[in-house]
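The values are calculated or read from the model by the stated rules, or taken from the named source; none is laboratory data. Since the structure is predicted, the reported quantities are computational estimates derived from the model, not experimental observations. Heads up, the Cβs are rebuilt from the backbone with ideal geometry, glycines too, and the neighbour counts pull from every protein chain shown. For the accessible areas, the whole protein counts, side chains as well, though only heavy atoms, and no ligand, DNA or RNA atoms are used. Shrake-Rupley method; radii C 1.70, N 1.55, O 1.52, S 1.80 Å.
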Amino acid sequence: MQIEVMYEWLAEYCLGQAGATTDYQPEWQATRYHVGGKMFAMCCGDKEGKPILTLKLEPALGEMLRGQYTQIVPGYYMNKTHWNSLYLEGDVPDDVVRSMIKEAHALVFGSLPKKTQKEILEACGND
């Protein structure tokens, strides 16, 4: 079973971010979430198949969260500075997970060219 099916609210929340799109990477068995063509989140499993959500965060925020929750670790399969992986079967509160998703989206969205940002916001009806 794909992880996004097990955590349906998570997929809906990721796709609820302005301009978010998704694709499935069969080689990695990973569902990826993008904004403006850049990835901000990925759902997959670790080498034991435990479900993880990997998010791009500011390094200081990622470090702080890793210090607060043992289920948040440096990015699994990713750059350890900018990416953080969250074990979904841990006890990180859903509101923290939602906040992390919003932060990841905002970080990647903010890195897009202003023209692309404007196009996304206009397409979403958020002028």
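For the range 22-45, check the following and say yes or no: at least one residue is assigned to a strand (DSSP E or B), among the hydroxyl-bearing types (Ser, Thr, Tyr), closer than 19 Å to Glu8 by Cα and open to solvent by 50 Å² or more (accessible area, probe 1.4 Å).
yes
Mind checking whether some residue in the range 94-117 is in contact with a Leu (Cβ under 8 Å, 6 or more places away or on another chain) and in a loop (DSSP other than H, G, I, E, B)?
Checking the range 94-117: not a single residue is in contact with a Leu (Cβ under 8 Å, 6 or more places away or on another chain) and in a loop (DSSP other than H, G, I, E, B).
Filter the range 78-93 down to residues that are open to solvent by 70 Å² or more (accessible area, probe 1.4 Å) and either touching a strand residue (DSSP E or B) at 6+ places or on another chain (Cβ under 7 Å) or modelled with pLDDT of 90 or more (or both) and give me whichever is farthest from Ala11 (Cα to Cα).
If we take residues in the range 78-93 being open to solvent by 70 Å² or more (accessible area, probe 1.4 Å) and either touching a strand residue (DSSP E or B) at 6+ places or on another chain (Cβ under 7 Å) or modelled with pLDDT of 90 or more (or both), then Lys80 is farthest from Ala11 (Cα to Cα).
Those residues that are open to solvent by less than 10 Å² (accessible area, probe 1.4 Å) and either out of contact with any strand residue (DSSP E or B) (no Cβ under 8 Å at 6 or more places or on another chain) or part of a strand (DSSP E or B) (or both), I need them from the range 52-71; list them, please.
Ile52, Leu53, Thr54, Leu55
So which of Val97, Val92 ends up being touching a residue at least 24 places away in the same chain (Cβ under 8 Å) and of a type outside the set (Ser, Thr, Tyr)?
Val97
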